[in-house]
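A short write-up of the structure that comes next.
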């Protein structure tokens, strides 16, 4: 072991500490403060008043929260199935094509847009006399007067489609990277053994892609759970709270209604659900990896 | 090794310096200031604030630089957090009603009672405005802006169908019926509906029972009161009659006036700014009338008004300079510039508004036949308002849900007044 490396080993905690302090001050401390606030009534000005489990009790009696949970689940399923599923499909269909990158480019371009910009543009496209309805009417198709964003849960479905439009490209890109990193030998061996098409994909390519699929599905799961910006810009969770997700409910309760205590309880619920879902998912994936 | 040590030492020194300067620059510098920062949630008004900054510098030697936010919740959170830190605004905009009371109770806002006493004596502020700036017998802040709510109407559409601005509720209904029969939607929604969905609720309720409207805002009445339910039923019947534009339309109503689609929209007089920015002229392209009471037997016409305060903090970086600026802000010279730049009315009754139509509105509003009622946005406490805005927005899309909407608002109302003193 070199002298420099030994020195590094001795002081490694010191080297890590600035980053640790940074994370602790900006993440863990605010989280603990939020957890404390969730047991209080607090308007952001006067001192918080401890109210025990009142906020949590209120959570389970609040039917707006039920709608919020339903929409969050729709987002989770939607973000895992659509942008990831379609991204995989485009990646598989295009990765060994000649000039495949040109084919993939249009799918990737929407990713360059910010969430807020995306929301504003699609908000106008999907409004009652917006482009979507105008196109349907022009083509003589039914549904030219669809209220895409005014009725729940249709507004959530519409926003998931918008999200898919933007996110498909980046998922596709990650899958292409995954596909390109697969060793060629097992695929060639499988081909010699007569595997092709769906069987080749299902039994050889898909298992070899596990490292990248774990990451992509994990990211999609978390993105679905914490979805906020697109909903806030397009509908602000409305009308009548019909398109709220847990993240929007949290923001609304804390910053719009000035109910910091109740909003913090929603934040704790969202963090717990996201943490648990990520943990269970990653444990399962790790378990499978070990089993292999 | 030595160079690596030197490198680390340099990095650490630089870091320490950065932290030290960062901490130092955040605090209030104290001393006498020659330029104040005015924090506001009216980002779109930046050019008007800048004009005021230049005028103030010229007239008092005290400059002003606006720091505009466009997202109201972010702005509110910033101002509230500034109370607990050393980064305090010199001046800031706020809202009257419960929110003003809230920050005054925290002993944060500078007392402006002396400014009000002098200004009322000199006629720069009206006595009728004073109560909206009074908490516990003292005045806080001064009016940043004042606006009256009424109906903007399209003069060309009215002329086309031979219509005149109504003076009674029955006449307004007749105008709406005529327009509808000609295929013209009578009322455009005040957008965004997520923010202004309360407009018709407050108008119908204040025009039916202004006392109930005021009691509702102070926790002394229920949202499920039969009279409130009746107001919602009236509103529903107007929606069912097809009198309103689609609530999903995101366009600014001024765009619909520009294209000639809109006949009427309910809004504050600040909507003039949106109209004039689109090249429309009051008196030629559009007009404005105060909405007659639904209940004709009421002794006075209920006139919804809003007044946004301009405040300074008790512990402002330079309290003297902030107070000097507030005193100047309400003078006729400052107010004339402020009102005319934006094309809106002024809180100073002495100010001559250049636009003759707007001047007429100001004089009409001050008439003895009117009863001012505070806009719902300021009158309702924040948690109740939030529930009401969502509820009314939902109701616009699904009018059958009105009872459920009222019940939800009432739940929030009860929740809020459980921990606050009703009637205050």
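The values are calculated or read from the model by the stated rules, or taken from the named source; none is laboratory data. These figures come from a predicted structure and were not determined experimentally. Note that we place each Cβ from the backbone using ideal geometry, even for glycine, and neighbour counts take in every protein chain shown.
Check residue B:280 against each of (1) assigned by TED's automatic domain parsing to the domain that holds residue B:68; (2) more than 19 Å from the chain's Cα centre (by Cα) and name the one condition it does not meet. Condition (1) is where residue B:280 drops out. Screening residue B:397 against (1) in contact with a helix residue (DSSP H, G or I) (Cβ under 7 Å, 6 or more places away or on another chain); (2) within 11 Å of another protein chain (Cβ to nearest Cβ); (3) at pLDDT below 95 leaves a single unmet condition, (1). Each residue in the range B:357-384 was checked for being touching a residue at least 60 places away in the same chain (Cβ under 8 Å) and closer than 30 Å to residue A:252 by Cβ, and 10 pass. When we screen B:308, B:394 for residues that are without any contact (Cβ under 8 Å) to a residue 12 or more places away in the chain, crowded, with 18+ Cβ neighbours inside 10 Å and under 27 Å from residue A:256 (Cβ atoms), the only hit is B:394. Only residues that are surrounded by 16 or more Cβ atoms within 10 Å (Cβ to Cβ) and in contact (Cβ under 8 Å) with a residue 60 or more places away in the chain were counted across the range B:116-125, and they come to 3.
Do the conditions hold for residue B:46, that is, is it closer than 30 Å to residue A:257 by Cβ, without any contact (Cβ under 8 Å) to a residue 24 or more places away in the chain and buried (at least 17 other Cβ atoms within 10 Å of the Cβ)? Considered against the rule, which asks whether it is closer than 30 Å to residue A:257 by Cβ, without any contact (Cβ under 8 Å) to a residue 24 or more places away in the chain and buried (at least 17 other Cβ atoms within 10 Å of the Cβ), residue B:46 comes out as no.
For the range A:236-248, a tally of residues being crowded, with 24+ Cβ neighbours inside 10 Å, touching a helix residue (DSSP H, G or I) at 6+ places or on another chain (Cβ under 6 Å) and either within 18 Å of residue B:193 (Cα to Cα) or within 9 Å of chain B (Cβ to nearest Cβ) (or both) returns 8.
Within the option set B:70, B:96, being under 18 Å from the mean Cα position of the chain (by Cα), within 14 Å of chain A (Cβ to nearest Cβ), assigned to a loop (DSSP other than H, G, I, E, B) and at pLDDT below 95 holds for one residue only, B:70. Before we move on, is residue B:347 closer than 30 Å to residue B:280 by Cβ and either outside the structural domain of residue B:77 (by TED's automatic domain parsing) or under 17 Å from the mean Cα position of the chain (by Cα) (or both)? Answer is yes for this residue.
Every condition in (1) within 14 Å of another protein chain (Cβ to nearest Cβ); (2) touching a helix residue (DSSP H, G or I) at 6+ places or on another chain (Cβ under 7 Å) holds for residue B:254 except the one numbered (1). Of all the listed residues (B:196, B:158, B:187), the sole one being buried (at least 16 other Cβ atoms within 10 Å of the Cβ), out of contact with any helix residue (DSSP H, G or I) (no Cβ under 6 Å at 6 or more places or on another chain) and modelled with pLDDT under 95 is B:196.
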